[in-house]
Amino acid sequence: MNQDRDMFDEFFAQTGFDEENEFMPLISVDDEDESYESDKFPTTLPILALKNTVLFPGIVIPITVGRDKSIKAINKAFKQGEIIGVLSQKDTNEEDPGQEDLFRVGTLAKILKLLRMPDGTTTAILQGKTRFALQQLTQEDPYLEGQISILEYLKVKNNLEFEAQISSVMDLAKEIIELSPHIPSEAMTMLKNINNPSFLLNFIASNLGTKIQVKQKILEINDLSEKANLILQHMNSELQLLELKEQIDVKVRGDIEKQQRDYYLSQQLKTIQEELGQNPQEEEINALLERAKDKKWPEAVSETFHREITKIRRINPQMAEYSVQLNYLELLLDLPWQTFTKDNFNLKKVKKVLDQDHFGLEKVKERILEHLAVLKLKGDMKAPIICLAGPPGVGKTSLGKSIARALNRHFIRMSLGGLHDESEIRGHRKTYIGAMPGRIIQSLKKAASGNPVFILDEIDKVGKDFRGDPSSALLEVLDPEQNTSFHDNYLELEYDLSKVLFIATANSLSTIQPALLDRMEIIEVSGYSIEEKVEIVKRHLIPQQLEAHGLDKNQVKLSPAIIQQIIAQYTRESGVRSLDRQIAGVMRHIAKKVAMEEPYDVKVSPEDLKEMLGPARFSKDMYQETPYPGVAVGLAWTSVGGEILFTECQLVPGKGKLTLTGNLGDVMKESAATALTYIKAHSSKLGIDPKKFEEVDVHLHVPEGAIPKDGPSAGVTMLSCLASALLEKPIRPYLAMTGEITLRGKVLPVGGIKEKILAAKRAGMKEILLCSENEKDVLEINPDYIKGLKFHYVKRMEEVLSITLNQKIA
């Protein structure tokens with residue numbers, strides 16, 4: 001025993017161990033055997049409460065005793081026979097534990113050494129001997145003392161299985177020792193020298209990195225086989241954790257080694273280049289300075305450039321900031337600060353180019369010529385902000401390209417459809433990873449001139465979400481008073497956009513933000529008439545498709561009648577996009593005949609169209625004269641152009657109920673109710689018996705019920721239809737009408753007049769009734785397109801009934 005104590009003296013004399021902390025248990029240098037007879041130990045012993053650990057039999061641990069009761073218990077036990085009962089606390093925060101605060105099973109320990117420390121505390125070296133169960137505490141003051149009984153292990157039932165378990169414990173312990181950086185490799189040799197299985201299990205359990213409750217559970221198990229199983233479970237968990245740590249460490253070490261290797265090689269390369277008189281960083285900077293010599297830019301930009309050059313000289317080329325700074329400097333050099341293309345001021349030539357590329361669109365062409373004329377006379381002028389609004393396929397986008405060609409300017413197209421991030425317009429700040437300038441600045445960099453024609457396509461389809469509102473960012477771009485100093489977040493300098501000719505395109509003005517709409521000059525681009533489409537096909541589409549399909553003009557002939565048939569029976573649109581596809585279909589069919597050397601007729605006939613394009617897809621809404629009362633012809637505007645709209649009314653016996661069918665919107669329903677109310681209010685003047693409204697139900701129907709219909713322009717049509725049914729008089733034949741009505745008897749103007757009139761002419765109508773305020777819209781239409789039509793302009797609803805029914809209100 002003296003030998004044991006001498007061995008621990010030197011190690012623990014200068015080291016303090018506290019009950020509060022965990023520590024590495026030591027293997028006993030004494031007896032490994034735990035099978036002591038119970039009569040060797042007294043039944044009543046001093047009890048020592050441990051806070052943060054569990055003492056196992058055969059294990060030696062040093063503890064620093066600080067509590068008064070614990071010091072007294074240690075001293076008492078050391079004087080009596082050096083044996084003390086050691087129990088672990090359930091709650092480590094309890095400073096004065098009683099019987100309920102202690103686990104019931106503990107370990108009898110021999111006090112190998114007591115050391116008095118300079119700070120007044122006592123350090124005890126304890127060696128676990130055997131397990132015991134606390135029967136009861138016999139006293140709590142001045143120290144804990146209790147009555148105990150010795151616990152023994154059950155006899156192993158299956159020795160072979162137990163040996164296999166011990167072997168597995170040894171194998172896992174070996175793997176853990178190899179993976180753990182904190183356990184010395186000599187620990188495996190020490191484990192091999194342990195011959196007692198129960199002691200081996202105790203030693204392994206005391207070294208597990210588990211909670212006190214788990215260690216206490218292992219201590220309390222009487223069946224060695226069950227104890228071995230529980231220890232194996234926790235050893236497996238610990239092994240998995242160590243393997244995961246090892247994988248992470250290997251990866252981290254690999255990354256660090258690669259960084260060190262790259263740094264070492266880059267330093268070597270730098271040294272070699274310096275020896276050869278080369279310096280890539282300095283060469284890059286000198287190249288930038290050389291480009292800056294001939295650059296025309298504002299003074300503020302020049303100062304920023306040279307300041308950033310000074311900054312980049314101090315940055316290590318291997319750092320990420322170097323490439324960010326280099327990209328910024330290259331952007332400053334690439335932007336066309338004061339570089340402009342020379343405008344073509346030959347106005348006649350500009351008009352000729354515009355007419356060559358597009359048929360019609362006179363308003364837009366006139367506005368461009370006016371701008372050029374002022375620019376030619378004044379020499380300097382802010383560019384207008386134009387918005388072309390109209391249905392799809394009428395040539396809004398291609399017109400921008402044509403304008404650029406006519407003015408001899410560069411062309412940029414930027415699609416705004418689905419754009420939902422403000423930074424797409426203004427750019428990101430340089431501090432963000434992957435930052436770049438906004439699309440406005442990027443596009444100007446590509447254009448390489450400061451006065452391009454800039455198409456903002458689909459401006460009505462700009463999105464908005466939590467990332468910002470791009471349409472609000474466009475306010476600065478499209479305001480001539482603000483865009484002289486446009487601020488991009490990446491550029492961080494003011495850029496002058498006032499020389500850029502911005503042309504926005506939109507299908508609908510209703511979805512554009514009002515403030516943005518106010519900054520643009522709106523030019524309505526309406527749909528094409530059949531006559532205009534025929535001219536567009538002859539002048540533009542046929543030559544384009546001939547070239548696209550490798551044909552010449554002598555290999556196919558399309559007469560105006562055939563072109564009109566294609567327009568009427570195979571397309572239904574305001575523009576010519578679908579028409580272009582049908583012409584391409586004809587050309588493909590001819591190209592196949594030519595390539596296969598098959599005979600065919602150069603002149604395309606109506607029968608050939610059926611073979612080339614299939615049966616007719618659309619039937620023309622032709623007017624059919626109906627002598628029946630209660631049928632009126634209205635005019636409607638749709639996204640694909642104008643159409644005629646039949647409105648039918650039927651009276652049935654009832655109680656005055658109004659039924660509306662035909663998939664009508666709220667506005668159309670209100671127009672019908674307004675018309676009926678007006679007729680009721682003036683029934684006596686119209687010659688209608690007021691009692692009739694209480695004896696019949698009125699059913700108003702608009703055919704093609706699958707198609708939603710709405711808008712106020714059907715007001716006069718519904719008025720005429722209802723009056724016709726109630727008076728039992730048919731409406732004037734070959735008469736179409738459109739206009740909004742009010743309860744006061746007024747007729748208000750509506751939109752889409754050109755499309756509606758052209759639709760009426762296509763349907764074979766001879767007369768059209770309109771609000772007098774729409775006369776100005778009729779005057780804008782080419783007289784050749786409305787030849788043969790008679791117009792009736794009205795202000796009051798009485799005039800409407802006078803014309804449609806020859807019925808005068810008294």
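The values are calculated or read from the model by the stated rules, or taken from the named source; none is laboratory data. Note that the structure is predicted; figures quoted are calculated from it, not measured. Counting neighbours? That spans all protein chains shown, and the Cβs are built from the backbone with ideal geometry, glycine included. Note: accessible area is taken over every heavy atom of the protein model, side chains too, but ligands, DNA and RNA are not part of it. Shrake-Rupley method; radii C 1.70, N 1.55, O 1.52, S 1.80 Å.
Here are a few things to note about the model shown:
- Candidate set from the range 260-279 (those that are open to solvent by 100 Å² or more (accessible area, probe 1.4 Å) and of a type outside the set (A, V, I, L, M, F, W, C)); member that is modelled with the lowest pLDDT: Glu274
- Cβ-Cβ under 6 Å pairs, at least 6 apart or on other chains, the range 152-163 side within 10 Å of Ser225 (Cβ to Cβ), far side outside any helix (DSSP H, G or I) and among the β-branched types (Val, Ile, Thr): Phe162/Val156
- Some residue of the range 334-346 being among the basic types (Lys, Arg) and within 21 Å of Phe411 (Cα to Cα): yes
- Qualifying residue in the range 164-175 (condition: open to solvent by less than 20 Å² (accessible area, probe 1.4 Å) and either free of Cβ contacts under 8 Å to residues at least 60 places away in the same chain or not in a helix (DSSP H, G or I) (or both)): no
- Listing of helices (runs of 4 or more DSSP H) fully contained in the range 636-748 that carry 2 or more residues being modelled with pLDDT under 90 and open to solvent by less than 20 Å² (accessible area, probe 1.4 Å): 683-686
- Residues of the range 123-135 include none that is at pLDDT below 85, over 23 Å from Lys245 (Cβ atoms), open to solvent by 30 Å² or more (accessible area, probe 1.4 Å) and of a type outside the set (A, V, I, L, M, F, W, C).
- Boolean, Ile194 is buried (at least 18 other Cβ atoms within 10 Å of the Cβ), over 46 Å from the mean Cα position of the chain (by Cα) and free of Cβ contacts under 8 Å to residues at least 24 places away in the same chain: no
- Single condition Leu579 does not satisfy, out of (1) assigned to a strand (DSSP E or B); (2) crowded, with 21+ Cβ neighbours inside 10 Å: (1)
- Filtering the range 778-810 to residues that are modelled with pLDDT of 90 or more and among the aromatic types (Phe, Trp, Tyr) leaves Phe791, Tyr793.
- Checking each residue of the range 329-339 against the condition of being modelled with pLDDT of 85 or more and touching a Gly at 6+ places or on another chain (Cβ under 6 Å) gives at least one match.
- The one condition in (1) in contact with a Leu (Cβ under 6 Å, 6 or more places away or on another chain); (2) assigned to a helix (DSSP H, G or I); (3) more than 26 Å from Asp91 (Cβ to Cβ) that His234 fails to fulfil: (3)
- Neighbours by Cβ (under 9 Å, 6+ apart or cross-chain): first from the range 428-446, of a type in the set (Val, Ile, Thr); second open to solvent by 60 Å² or more (accessible area, probe 1.4 Å) and not in a loop (DSSP other than H, G, I, E, B): Ile433/Ala320
- Scanning the range 396-427 for residues that are small (Gly, Ala, Ser) and under 20 Å from Asp460 (Cα atoms) returns Ser398, Gly400, Ser415, Gly417, Gly418, Ser423.
- Figure legend. Inter-residue proximity from the range 126-143: first residues within 16 Å of Gly106 (Cα to Cα) and in a loop (DSSP other than H, G, I, E, B), second residues hydroxyl-bearing (Ser, Thr, Tyr) and open to solvent by less than 30 Å² (accessible area, probe 1.4 Å), beta-carbon distance below 9 Å, spacing 6+ or different chains. No pairs are indicated.
- Within the range 765-790, residues that are outside any loop (DSSP other than H, G, I, E, B) reach partners that are polar (S, T, N, Q) and modelled with pLDDT under 90 with beta carbons closer than 6 Å, at six or more positions or on different chains, in the pairs Tyr785/Ser529.
- Just one residue in the set Gly417, Gly463, Gly427 is crowded, with 21+ Cβ neighbours inside 10 Å, small (Gly, Ala, Ser) and over 23 Å from Asp343 (Cα atoms); that residue is Gly427.
- Pair list, Cβ under 9 Å, 6 or more apart: the range 225-239 residue within 15 Å of Ser180 (Cβ to Cβ), other residue assigned to a helix (DSSP H, G or I) and open to solvent by less than 10 Å² (accessible area, probe 1.4 Å): His234/Ala205; His234/Ile218; Met235/Val169; Met235/Ala173
- Checked against the criterion of being acidic (Asp, Glu) and either closer than 28 Å to Gly751 by Cβ or touching a residue at least 60 places away in the same chain (Cβ under 8 Å) (or both), the range 653-674 contains one or more residues that satisfy it.
- Residue check, Glu481 over 32 Å from the mean Cα position of the chain (by Cα) and farther than 30 Å from Gln582 by Cβ: yes
Residue by residue, here is whether (1) in a loop (DSSP other than H, G, I, E, B); (2) more than 28 Å from Ser529 (Cβ to Cβ); (3) at pLDDT below 80; (4) open to solvent by less than 30 Å² (accessible area, probe 1.4 Å) holds:
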site: Lys348; (1), (2), (3), (4): no, no, no, no
site: Val364; (1), (2), (3), (4): no, no, yes, yes
site: Val374; (1), (2), (3), (4): no, yes, no, no
site: Asp380; (1), (2), (3), (4): yes, yes, yes, no
site: Ser402; (1), (2), (3), (4): no, no, no, yes
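- Residues satisfying the stated conditions in the range 441-460, i.e. touching a helix residue (DSSP H, G or I) at 6+ places or on another chain (Cβ under 7 Å), surrounded by fewer than 24 Cβ atoms within 10 Å (Cβ to Cβ) and within 22 Å of Ala506 (Cα to Cα): Asp457
- Leu219 meets the stated requirement of being assigned to a helix (DSSP H, G or I), open to solvent by less than 20 Å² (accessible area, probe 1.4 Å) and touching a residue at least 40 places away in the same chain (Cβ under 8 Å).
- Of all residues making up the range 287-323, the number that are part of a helix (DSSP H, G or I), open to solvent by 100 Å² or more (accessible area, probe 1.4 Å), within 20 Å of Ser449 (Cα to Cα) and not acidic (Asp, Glu): 2
- Any chance Asp141 is modelled with pLDDT of 85 or more and under 60 Å from the mean Cα position of the chain (by Cα): no
- Looking only at residues in the range 727-762 that are on the phi < 0 side of the Ramachandran plot and among the acidic types (Asp, Glu), the one that is farthest from the chain's Cα centre (by Cα) is Glu740.
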